[in-house]
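Please treat every number below as a calculation from the coordinates, not as lab data. Please read these numbers as outputs of a predicted model, since none were measured by experiment. Don't worry about glycine lacking a Cβ; one is built from the backbone with ideal geometry, like all the others, and counts go over all protein chains shown.
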Amino acid sequence: MKFNIDHSFIKSLPADVETSSKSRQVEGAAFSYTNPLIPSYPNLIHYSDELATECGFSQNEMQSEEALEIFSGTKVYPNTQPYSMCYGGHQFGHWAGQLGDGRAINLFEHLNAGKRYAFQLKGAGPTPYSRKADGLAVLRSSIREYLCSEAMYHLGIPTTRALSLVTTGDLVWRDMMYDGHPIQEKGAIVCRVAPSFIRFGNFELFTSRKDLQNLKRLADYTIQYFYPHITGDEPNKYLALFQEITDRTLNLMLDWQRVGFVHGVMNTDNMSILGLTIDYGPYGWLEDYNPDWTPNTTDAEGKRYRFGNQPDIAFWNLIQLANALYPLIENVHALEEILNGYQEEWGKLYPQLLANKLGFKENNPSIENAITELEPLLKKVETDYTIFYRQLAHVEKEMEPMEIFELISLAFYRSETITESDKNSWLPWIQSYLKLVNQDTRRDAERREYMNTVNPKYVLRNYMAQLAIDAAEKGDYTLIDELYRLLKKPYEEQPEMKKWYTKRPDWAREKVGCSMLSCSS
Ligand code: AMP
Ligand code: MG
């Protein structure tokens, strides 16, 4: 296998002078050299053919012994030096100090067709940042990260990617629900890929330690390699950097809310400096519309990271980043203006997004009215967020309101308990929607096609991932492949896959892994 190696990160930033993987505080450095553990019986379960091609690898290369050795951590590629990054973060609203790549080991950066690909193994063993944990990852969480990263990419949403999924042949102790019942689970490694894995927390840690020299080096590095169009003098270039990160973060929030993705752990160490979705842990997909829902049982009490709160949390996280960049800028007013801009933009773009979901490119007061009146209805009869908008795309100008009710009732959970009064509460909304559709000059088919580019038909529902996990635990990986292929075309009809166009089954309502996930992974 041939890689076009580049070492921008380790070349530009200072290394930890110590090289053991003993847990420790690492000061004055951006990373520590760390070698992956050698797994007992590595086995390639799946790889992203799409991403492999993008990186310039052939299918034969991906299936080779050498690829398995590299992507399982068995062999270090010649002339490369794996490393773990040092970062801090605010977790659940509190400064947590140094965190770092506790179980991520960066292999190297590879250049292909003008693009940069950093390869990172997640679950390849302890690093100086592992604290008291083992640096490993289990199969269930690795499958979830693998499938969801690629699904997100095909939804057109910025994300870290996943190139390969490997089992290690080693067992890992995990207490899944943190209730004193640890069991041994299969170990696995995902090879994640992104232009860079730098997080808000990388900046925060230097600032918290008053290490302004390295703060500046990190900001300069980020601009040089990832925002090269930012030119100009200090401090303006750092302000421009903050503006771009703010814009990208805002767009990411619009995307998440559009498709019903709930990250679950939006700590500042899980916020990408490139505006990517990063660190797939106890994430989930909204099924019945409920802005208060979070899949993360670790956050069940405060529900800080609930669906409806994500845009505000992103804002809160941006404030932490502003504080971290402040020493380079020293202009509170200018930073505040950018932050105010986030809120103003959100106020404009979010209603616009909801109008788009309903099929309208431009917003107007009657559409806004329909948006406002829709929300309580979606909540009143538990309504599937994905199916509802896909069904609504079938509305035609000549339809009777009752026909439309039938169409959307496919999205209702507990449809057997829908009462006359539920029906009566929907009818006025349906009538006003029908009126908007009739005022729209586009043909029905045109509006439908548009809606189907905004609203996906297939998302990685929590129970789907769980089915793939249950099968994989027994050694059957076919469902991983089926879901991988399904989620490559999330906006397409794919009639042969229609069994996945269905609400969460009843058995999954309260099942661990389907509606409840802990951070244990
Ligand atoms: P997360 O909540 O997954 O973003 O993780 C927060 C921090 O804990 C990061 O620094 C991770 O690298 C670290 N971490 C999580 N799980 C493990 C593990 N099994 N071993 C070592 N470090 C871990
Ligand atoms: Mg993390």
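Between the C-alpha center of segment 218-275 and that of segment 158-190 there is a gap of 29 Å.
So what is the 222 nm mean residue ellipticity for the chain from helices alone, if each DSSP H run of at least 4 adds -39500 (n - 2.57) and you divide by all residues, rounding to the nearest 500 deg cm²/dmol?
Numbers: 17 runs with 217 residues, N = 521.
Helices in the chain give a 222 nm mean residue ellipticity of -13000 deg cm²/dmol.
The radius of gyration of the Cα set in the chain, together with its Dmax, comes out at 23.6, 73 angstrom. For segment 166-322, the extents of the C-alpha atoms along the principal axes are 56, 39, 28 Å, listed from largest to smallest. Specify which residue in the list GLN59, ILE45, THR74 is farthest towards the positive end of the charge dipole of segment 33-89, using unit charges on the beta carbon of Lys, Arg (+1) and Asp, Glu (-1), about the Cα centre. Working it through, the farthest residue towards the positive pole turns out to be THR74. Please report how many Lys pairs in segment 431-502 have alpha carbons closer than 19 angstrom, counting only residues at least 8 apart along the chain or sitting on separate chains. Qualifying lysine pairs in segment 431-502: 8. Dipole orientation for segment 462-508: of the candidates ILE480, TYR501, ASN462, TYR501 has the Cα lying most toward the positive pole (charges on Cβ; Lys, Arg +1; Asp, Glu -1). Each Lys and Arg adds +1 at its Cβ and each Asp and Glu adds -1 at its Cβ; summed about the Cα centre, the chain shows a dipole of about 600 debye.
May I ask you to give the average projected area over all directions of the convex hull of the Cα atoms of segment 366-521, in nm² rounded to one decimal? Walk me through the numbers on the way to the answer.
On the way: hull surface 44.0 nm².
With the hull built on Cα positions only, its mean projection is 11.0 nm².
Applying a threshold of 19 Å to the alpha-carbon distances of LYS303/LYS357; LYS122/LYS186; LYS216/LYS237; LYS379/LYS503; LYS357/LYS379 flags LYS303/LYS357 as lying beyond it. Positive end of the dipole of the chain (Cβ unit charges, origin at the Cα centre): among ILE5, PHE197, ASN369, the Cα lying farthest that way belongs to ILE5.
Do you know the relative contact order of segment 364-521, to the nearest whole percent, from alpha carbon pairs under 8 angstrom that are 6+ apart? Walk me through the numbers before you get to the answer.
Numbers: 129 pairs, mean separation 39.6, N = 158.
Reported relative contact order: 25 percent.
Hydrodynamic radius of segment 360-454 by the Kirkwood approach over all distinct alpha-carbon pairs: 13.7 Å. Could you tell me the center-to-center distance, by alpha carbons, between segment 405-463 and segment 67-89 in angstrom? Distance between centres, Cα-based: 48 Å.
The HN-Hα couplings worked out from phi for segment 126-140 by the Karplus form 6.51 cos²θ - 1.76 cosθ + 1.60 (θ = phi - 60°) are x, 9, x, 9, 6, 6, 8, 8, 9, x, 10, 9, 9, 4, 4 Hz, whole numbers, x standing for Gly and Pro. Listed values for segment 410-422 are Karplus-derived 3J(HN,Hα) couplings in whole Hz (6.51 cos²θ - 1.76 cosθ + 1.60, θ = phi - 60°), namely 4, 8, 7, 6, 6, 4, 5, 9, 5, 9, 4, 5, 4, and x replaces Gly and Pro.
What's the local net charge at ALA411, with K and R +1, D and E -1, over the other residues with C-beta under 11 Å away? List each step's numbers first, then the result.
Values: positive: ARG390, LYS503; negative: GLU287, ASP288, GLU382, ASP384.
Net local charge, ALA411 excluded: -2.
Applied to segment 185-195, the Karplus parametrisation 6.51 cos²θ - 1.76 cosθ + 1.60 on θ = phi - 60° returns per-residue 3J(HN,Hα) values of 10, 6, x, 8, 9, 9, 8, 8, 9, 7, x Hz, with x for Gly and Pro.
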